[in-house]
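Only the coordinates and a few stated rules stand behind these numbers; no lab work does. Bear in mind the structure is a predicted one, so any value in this text is a computation, not a measurement. All Cβ positions, glycine included, derive from the backbone under ideal geometry; neighbour counts span all protein chains shown.
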Amino acid sequence: MSNYSNTPNSTSFEYENCKELYILSRHWKSDLEFYKDDLRFLHNLVDKYLIWITKKENLELVNTIRKKEFSLGLECDNLLAEITKHLNEGAMIIENSKESHYENFKKTHLLLENNIAEFIKEFRKNRKEVFKVTEYIMDSEELGRILDS
């Protein structure tokens with residue numbers, strides 16, 4: 001009687017798990033590219049209304065937002081670079097079945113997951129702030145009437 005089981009051996013399991021992590025990483029990269037485009041849009045939105053701002057208080061609010069957008073843009077670029085490196089490592093593991101690198105790949109993956117989650121949290125917070133400040137400035141500077149005329 002043979003001793004076969006339906007459960008995969010650890011090498012096979014790790015290989016399939018690595019493929020799944022690789023696919024997830026590709027989704028992260030796509031998401032980060034979207035966030036980068038959205039940051040560019042928000043930056044252009046803020047710049048569009050900057051020329052109409054006359055109150056010092058409002059200029060300070062906008063400058064705070066612009067600094068945060070710049071910081072988020074740099075963070076997004078760094079995460080994209082890390083994801084690209086991570087994807088390259090994952091591809092090498094998958095193509096060459098380098099089991100010795102798999103544990104490091106998993107650790108890096110978890111770290112990236114946490115960093116991306118934190119970035120998304122900050123991004124959403126910033127996006128809400130941009131719209132809140134834009135609405136406030138539109139009202140306080142009476143930009144709605146200026147832009148409609």
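Assorted remarks:
- For the range 27-62 versus the range 66-94, the gap between their alpha-carbon centres in whole angstrom: 20
- Classified by the C-alpha gyration tensor, the range 10-148 has a prolate form. Its axis ratio a/c, with a ≥ b ≥ c, is 1.5 or above, and a/b is larger than b/c.
- Across the range 82-91, rounded Karplus estimates of 3J(HN,Hα) from the backbone phi angles (6.51 cos²θ - 1.76 cosθ + 1.60, θ = phi - 60°) give 5, 5, 4, 4, 4, 5, 4, 5, x, 5 Hz, Gly and Pro being marked x.
- Rounded to the nearest Hz, the phi-derived 3J(HN,Hα) couplings of the range 111-116 under the Karplus curve 6.51 cos²θ - 1.76 cosθ + 1.60 (θ = phi - 60°) are 4, 4, 4, 5, 5, 5, where x marks glycine and proline.
- Of the residues 136, 102, the one with the fewest other Cβ atoms within 10 Å heads the list, and the complete ranking is 136, 102.
- Cβ-derived FRET efficiency at R0 22 Å, residue 78 paired with residue 113, nearest 0.05: 0.90
- Pairs beyond 26 Å (Cα-Cα), from 68/132; 56/121; 36/125; 29/67; 85/125: 56/121; 85/125
- Residues 127, 26 arranged by fewest to most Cβ contacts within 10 Å: 26, 127
- Positive contributions from Lys and Arg (+1) and negative ones from Asp and Glu (-1), summed over other residues with Cβ under 14 Å from the Cβ of residue 119, come out at -3.
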